[in-house]
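Report on one structure; see the data block that follows.
The values are calculated or read from the model by the stated rules, or taken from the named source; none is laboratory data. Because the structure is a prediction, the values reported are computed rather than measured. As a convention, Cβ positions derive from the backbone with ideal geometry for all residues, glycine included, and neighbour counts pool all protein chains shown.
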Amino acid sequence: MLRTGCLFAALALTVFGAGCGSRKVEDIEVKPPNDPLMPARMALERYAKGEPMGSEVSGFPAMVENLRKTDPQRADILEKGLADIQKAAPNARAAKAKALLAPLQPSMK
């Protein structure tokens with residue numbers, strides 16, 4: 001019985017091409033997302049979960065300026081909100097981050 005099982009396994013490997021060179025390899029191009037708010041949202045979601053602020057704080061001005069190119073109104077909201085979070089006590093940052101996330105959600109057009 002064991003010998004028959006091994007025979008069928010060997011036959012299946014041969015028939016279904018385990019290790020054969022007939023498989024096609026494709027390169028898939030991955031494009032970066034085109035949402036200037038994504039980095040800010042990701043940071044705010046972490047803060048909303050209670051994670052502390054880290055080195056990403058140094059990138060806040062660039063996040064705001066990148067957003068300002070496409071959505072100046074939201075850039076102002078983000079800039080003020082990030083400044084408020086930085087000034088807040090560590091135990092108040094999660095609530096401020098949650099509040100800031102609401103106006104920065106993608107709009108349905």
Segment 63-74 - residue that is in contact with a helix residue (DSSP H, G or I) (Cβ under 9 Å, 6 or more places away or on another chain) and within 19 Å of ILE85 (Cα to Cα) and, of those, surrounded by the fewest Cβ atoms within 10 Å (Cβ to Cβ) = GLU65
Quick one: in segment 82-91, of everything that is in contact with a helix residue (DSSP H, G or I) (Cβ under 6 Å, 6 or more places away or on another chain) and in contact (Cβ under 8 Å) with a residue 24 or more places away in the chain, which residue is farthest from LEU104 (Cα to Cα)?
-> ILE85
What number of residues in segment 9-54 are loosely packed, with under 10 Cβ neighbours inside 10 Å, on the phi < 0 side of the Ramachandran plot and modelled with pLDDT under 75?
-> 12
Residue by residue through segment 36-55, note down the ones that are in a helix (DSSP H, G or I) and not acidic (Asp, Glu).
-> MET38, PRO39, ALA40, ARG41, MET42, ALA43, LEU44, ARG46, TYR47, ALA48, SER55
Look at segment 92-109 and say how many of its residues are touching a helix residue (DSSP H, G or I) at 6+ places or on another chain (Cβ under 8 Å), basic (Lys, Arg) and loosely packed, with under 13 Cβ neighbours inside 10 Å.
-> 0
